[in-house]
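One structure, pasted below without further comment.
The values are calculated or read from the model by the stated rules, or taken from the named source; none is laboratory data. Source: prediction; values computed, not measured. Neighbour counts run over all protein chains shown; Cβ positions are idealised from the backbone, glycine included.
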């Protein structure tokens, strides 16, 4: 069982709807990453945090995605207005050192219809 | 930015034989190279990793080799078993703090009867 807990496992949304997923990182891991894996098995890094601070994010994330990692609450990734192209597996990972030994969660599979 | 190329998209291997998956990377600053296994409909499962201060690492039936000059690393699955059936992804990250992983495109390993 993964030490990174992601919920929900599956999410179905209509186009234009908000989609929100959550991640509890492994205990003691200060760095959290979000990745998107599309149906072609291509991975895209979205955003990462150190504790509550955003460290890096890609353009796509800045425009339609919002993410946060509040203290004492799960991290979350929200798509403001879902598009069909957002259908993918969203993976959360955490790391103690921030550059190795990443622990991945089970993922949230989003389907936008 | 970093690019990781995974050369084999599918690998059919007779059970008992070795499977070899090759990856190349572009960023000389990359220093951490993990491998993940993904079974159908599931998440990534860590299998083995190698850091740039060594050129070989073994964990049971898995061997990973790193050639920093050629910017190439490879996963060897020895004595392939039916349970090795999955998609394997290579990845790389640099030593910088909070460095994101760059993934290869995946190799589907298909063990077949000897």
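Out of (1) surrounded by fewer than 17 Cβ atoms within 10 Å (Cβ to Cβ); (2) on the phi < 0 side of the Ramachandran plot; (3) touching a residue at least 60 places away in the same chain (Cβ under 8 Å), the odd one out for residue A:28 is which?
(2)
Now for a different question. Residue under question is residue B:14, and the condition is that it be surrounded by 12 or more Cβ atoms within 10 Å (Cβ to Cβ), more than 12 Å from the chain's Cα centre (by Cα) and closer than 19 Å to residue B:92 by Cα; does it hold? So that I can check it myself, show each step before the final result.
Details: surrounded by 12 or more Cβ atoms within 10 Å (Cβ to Cβ): yes; more than 12 Å from the chain's Cα centre (by Cα): yes; closer than 19 Å to residue B:92 by Cα: no.
Criteria not met by residue B:14.
What are the pairs, 6+ residues apart or on separate chains, where a residue within segment B:35-46 that is surrounded by 13 or more Cβ atoms within 10 Å (Cβ to Cβ) has its Cβ under 6 Å from a residue that is part of a loop (DSSP other than H, G, I, E, B)?
B:43/A:106; B:43/A:107
Please go through segment B:76-98 and pick out each residue that is part of a loop (DSSP other than H, G, I, E, B) and either free of Cβ contacts under 8 Å to residues at least 40 places away in the same chain or more than 8 Å from chain A (Cβ to nearest Cβ) (or both).
Of the residues in segment B:76-98, the ones part of a loop (DSSP other than H, G, I, E, B) are B:78-81, B:85, B:95-98.
Selection gives B:78, B:79, B:80, B:81, B:85, B:97, B:98.
Condition check ((1) under 13 Å from the mean Cα position of the chain (by Cα); (2) within 12 Å of chain B (Cβ to nearest Cβ)) across all residues:
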position	(1), (2)
A:24	yes, no
A:34	yes, yes
A:47	yes, yes
A:57	yes, yes
A:76	yes, no
A:91	yes, yes
A:98	no, yes
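Oh, and also: Condition check: at positive phi, under 13 Å from the mean Cα position of the chain (by Cα) and within 12 Å of another protein chain (Cβ to nearest Cβ). Does residue B:106 satisfy that? Can you show your working first?
Details: at positive phi: yes; under 13 Å from the mean Cα position of the chain (by Cα): yes; within 12 Å of another protein chain (Cβ to nearest Cβ): yes.
Spelling it out, residue B:106 is indeed at positive phi, under 13 Å from the mean Cα position of the chain (by Cα) and within 12 Å of another protein chain (Cβ to nearest Cβ).
Check off (1) within 13 Å of chain B (Cβ to nearest Cβ); (2) under 29 Å from residue B:5 (Cα atoms) for residue A:65 and give me the number that stays unchecked.
Of (1) within 13 Å of chain B (Cβ to nearest Cβ); (2) under 29 Å from residue B:5 (Cα atoms), only one is false for residue A:65: (1).
Can you tell me how many residues in segment A:64-91 are in a loop (DSSP other than H, G, I, E, B) and either under 17 Å from residue A:4 (Cα atoms) or touching a helix residue (DSSP H, G or I) at 6+ places or on another chain (Cβ under 9 Å) (or both)? Give the steps one after another, and end with the answer.
So the first thing to find is which residues in segment A:64-91 are in a loop (DSSP other than H, G, I, E, B), and the list is A:69-74, A:80-83, A:87.
Next cut, either under 17 Å from residue A:4 (Cα atoms) or touching a helix residue (DSSP H, G or I) at 6+ places or on another chain (Cβ under 9 Å) (or both) only: A:69-74, A:80-83.
Residues that pass the stated criteria total 10.
May I ask you to verify whether residue A:72 is surrounded by 14 or more Cβ atoms within 10 Å (Cβ to Cβ), farther than 18 Å from residue B:99 by Cα and modelled with pLDDT under 95?
Values: surrounded by 14 or more Cβ atoms within 10 Å (Cβ to Cβ): no; farther than 18 Å from residue B:99 by Cα: yes; modelled with pLDDT under 95: yes.
Taking the combined requirement at face value, the residue does not satisfy it.
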